[in-house]
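Have a look at the structure below before the remarks.
Every number in this text was worked out from the coordinates using simple rules, so none of it is lab data. Computed from a predicted structure; not experimentally measured. Here the Cβ is made from the backbone with ideal geometry for all residues, glycine too, and neighbour counts use every protein chain on show.
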Amino acid sequence: MMRVFVAGGSGAVGRRLVPQLVARGHQVTATTTDPAKVALLEGLGATAVVMDGLDAAQVGEAVAAAESDAVVHQMTSIGAIDMKHLDRAFAQTNRLRTEGLDHLLAAVRASGVPHVVAQS
């Protein structure tokens, strides 16, 4: 059994990953930016945390509190996609994939988490 922290647990990939981890006996802490999705994450078997992946302090506190063996980066912010303005549609996601990853890695180093998986 591992303790796994899934940043972006309520997203498209996270919602599928969390129950698979739980089914394999792992203890999962999953994040969301939306307090209304806490019940969704808890229903999937995770401990839910509301966190802004672009707030370094929030990320650091959440990762430290989870005391995880692994951190998985699945943070995105993909809503309705306007094909004429893809740059706008993916701007927040791009920040989460760069700045958000930087915050996660800093939190991992500070907390001594031995494993990280990041989407690319």
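Length gained on full extension, Met2 to Gln20: 5.2 nm, using 0.36 nm per residue less the C-alpha separation.
Please report the equivalent ellipsoid semi-axes of region 53-120, computed as sqrt(5 x eigenvalue) of the Cα gyration tensor, largest first, in whole Å. All intermediate terms of the calculation are to be shown ahead of the outcome.
Numbers: eigenvalues 142, 23, 15 Å².
Over the Cα atoms of region 53-120, the semi-axes work out to 27, 11, 9 Å.
Rounded to the nearest 0.05, the FRET efficiency derived from the C-beta distance between Glu61 and Thr93 at R0 = 22 Å is 0.45.
Amide H to amide H, with H built 1.01 Å from N, Val6 comes under 5 Å of Thr29, Ala30, Thr31, Val72, counting only residues 5 or more places away or on other chains. The dipole here belongs to region 3-118: it is taken about the Cα centre, uses +1 on the Cβ of Lys and Arg and -1 on the Cβ of Asp and Glu, and is about 380 debye. Just how many % of Cα pairs in the chain lie over 20 Å apart, if you round to the nearest whole percent? Pairs farther apart than 20 Å: 37 percent.
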